[in-house]
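Structure first, commentary second.
The values are calculated or read from the model by the stated rules, or taken from the named source; none is laboratory data. This is a predicted model, so every value here is computed, not measured. Glycine gets a Cβ as well: all are built from the backbone with ideal geometry, and neighbour counts include every protein chain shown. Calculation scope for accessible area: heavy atoms of the full protein, side chains included, ligands and nucleic acids excluded. Shrake-Rupley method; radii C 1.70, N 1.55, O 1.52, S 1.80 Å.
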Amino acid sequence: MVCIRKRFFNSNRLLLLPFGLWFDEETIVTRFQATLFSSLLISSIVFQLSRLFIAECNFDFIVKILSSTSIYVMFASVPIVFWIHMKTITYLFDQLQYIYDRLKDRNEIAIYDKYGYFAKHVTTVMIIILVCDLCGSSIIIYWPFILNIIVPKNESYAIRMTQFISVYFNVSEKYCVLVLVHLAAAASTGLIVFIGTGTMLFSYLQHICGMFEIASYRIEQAMASELLHKCHIKNRNVICRKMICAIDIQRQAMEFAKHLITSMEGIVLFLIIITVLCMTCNLLRIFQIESPMERMDEVLLHLWAVLFILIILFLSNYVGQEVTDYSNHVYEITYNVSWYLAPLYIQKLNLFLLQRSHNIFTLSAGGLFTASLKCFATLVKVSMSYFTFMYSIQ
C-alpha cells in the first residue's frame, strides 16, 4: 500500500511538525508546541493593537499599525483554525488515503498521482520563496546591527533601525531591540506555518480535481464505442459498473470539498476581509512615505506584503477555479459520449449523471465569495478602490 503522506505531504510535515500542528498522535509535547506558537503570534498582535490605545493616534499612525497587524492576524488565523479543526483535517486526509487505496486502474492512479505531485511541486516552490523571503527580510532587519559589529563607527549603524522601530510603534528606544526580536520571531514562525497549512489545503483541493478527472475518465471508458456496439449482457454489466464507479467518485469529490469548505467557511470570510484590509493599508503606507529612497527598507517590507497577498489570493482562487472547471468537465464528457448507442436503462443512468452535473459546482464561502479567477480580480479591484478612496481623503 502506498502512503500518500510520504509521497505527497512530506514537505508539509517538515513545516508543521516543529510547531505541533502535524496530525500525528497528539501528545503533551505537541500541545505545548502549538500553544507556544499561538501565544507568540497572539502576543505580537496584542502588542501592536495596544499602540492604538496607548499612543496618540492620527490617520497615518493607524494605517501604520493596521498594515503590520493585519499580516500577523493573517498568519495566526489559518494555523489556529487548522489546530482547532485538527480532527477534521485528519479525517479528510484519511479519506484521501482511502480513495487512493481503492484505485486499481493504472491510468486512474496516474491521474491521482499527477495532481498530488503538482501540489507537491507548488509546495516546494513556496518553500523556496519562503527561504528567500526569510533571508531577505533578515538582511533588511538585522543588517544595521551586523554591520555595526563588523565595521564599527562613532555613529552606530543600528541607531537608524532602533529609531525606525521607536517611531513606527511609538515605543521607547531602550525596548526597540526586544520589540524587534519579538515581532521578527512571530513573523518568521507565522509565515512558515501559514505556508505549511496553506499548501496543504491547496494539495487537498488538487486531489479533488484529480477525483473529478478520474470520474471523467471512468465515464469515457464506460461509454467506449467498442462496448456500446457489442452490447451483450456482459458488456452491459461492465458499463453499469463503470458508470456507478464514476458517479461514486464524483460524489466523494463533492462531499470532500463541501466538508472542507464548511469547516473553513468562517475563517475564509474573515481572511478575505483581512487580506483586502492588509493590501489597502500597505499600498497606502507606501505612498505615505515622504522620502522612499531614504527609507527603502520600509518600502520593501510593504511591497513584500502586497506581493505576498497577491500570490496567496491568486493561488487560492486559481485552485477554486480548477475545481469548478474539472467539475464542469464531467458534465461535458457525459454529454459528448455516444450515449445514444447504449440501451435505454443505461441512457437513463447517463441522464441522471447529466442532471447531477448540470448544476455548476463551486467552492463558495457563505454564498458571498466563490473561489475563481473572477473573484481574484474582484478582490484586487476592491483593494485598489479602497486604497484610492483612503489616499484621496487623507
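Provide the gained length on full extension for the span Q97 to L36, in nm with one decimal, where the gain is 0.36 nm per separating residue minus the Cα-Cα distance.
Numbers: separation 61, 0.36 × 61 = 21.96 nm, distance 3.09 nm.
Stretched fully, the Q97-L36 segment lengthens by 18.9 nm.
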So, taking all protein chains as they sit and a 1.4 Å probe, how much accessible area belongs to F19, in Å² rounded to tens? 30 Å²
From largest accessible area down, sort T124, T275; use a 1.4 Å probe on the protein chains. T124, T275
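Set the Förster radius R0 to 41 Å, insert the Cβ-Cβ distance between T27 and R106 as r into 1/(1 + (r/R0)^6), and round the FRET efficiency to 0.05. Working shown, then result.
Numbers: r = 39 Å, r/R0 = 0.96.
It comes to 0.55.
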Theoretical FRET efficiency, 1/(1+(r/R0)^6), r = Cβ-Cβ of V238 and E332, R0 41 Å, to 0.05: 0.95
Could you check the spin-label model distance between R5 and I62? Points 7 Å from the Cα along Cα→Cβ, value in nm. 4.9 nm
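Of K120/K381; K64/K87; K6/K114; K120/K242; K114/K381, which ones are farther than 26 Å apart at the Cα?
On the way: K120/K381 31 Å; K64/K87 38 Å; K6/K114 15 Å; K120/K242 30 Å; K114/K381 34 Å.
Cα-Cα > 26 Å for K120/K381; K64/K87; K120/K242; K114/K381; rest within.
If each residue of separation counts as 0.36 nm, what is the full-extension length gain between F287 and Q347 once their alpha-carbon separation is subtracted?
On the way: separation 60, 0.36 × 60 = 21.60 nm, distance 6.28 nm.
Taking F287 through Q347 to full extension adds about 15.3 nm, to one decimal.
Can you work out the FRET efficiency for the pair M296 and V177, with r the C-beta to C-beta distance and R0 = 22 Å, to the nearest 0.05?
Numbers: r = 22 Å, r/R0 = 0.98.
Efficiency computed from Cβ-Cβ geometry: 0.50.
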How long is the gain from K258 to K374 if the chain were fully straight, where each residue apart is worth 0.36 nm and the alpha carbon distance is subtracted? 39.7 nm
With every protein chain left in place and a probe of 1.4 Å, what is the accessible surface of D24, to the nearest 10 Å²? 70 Å²
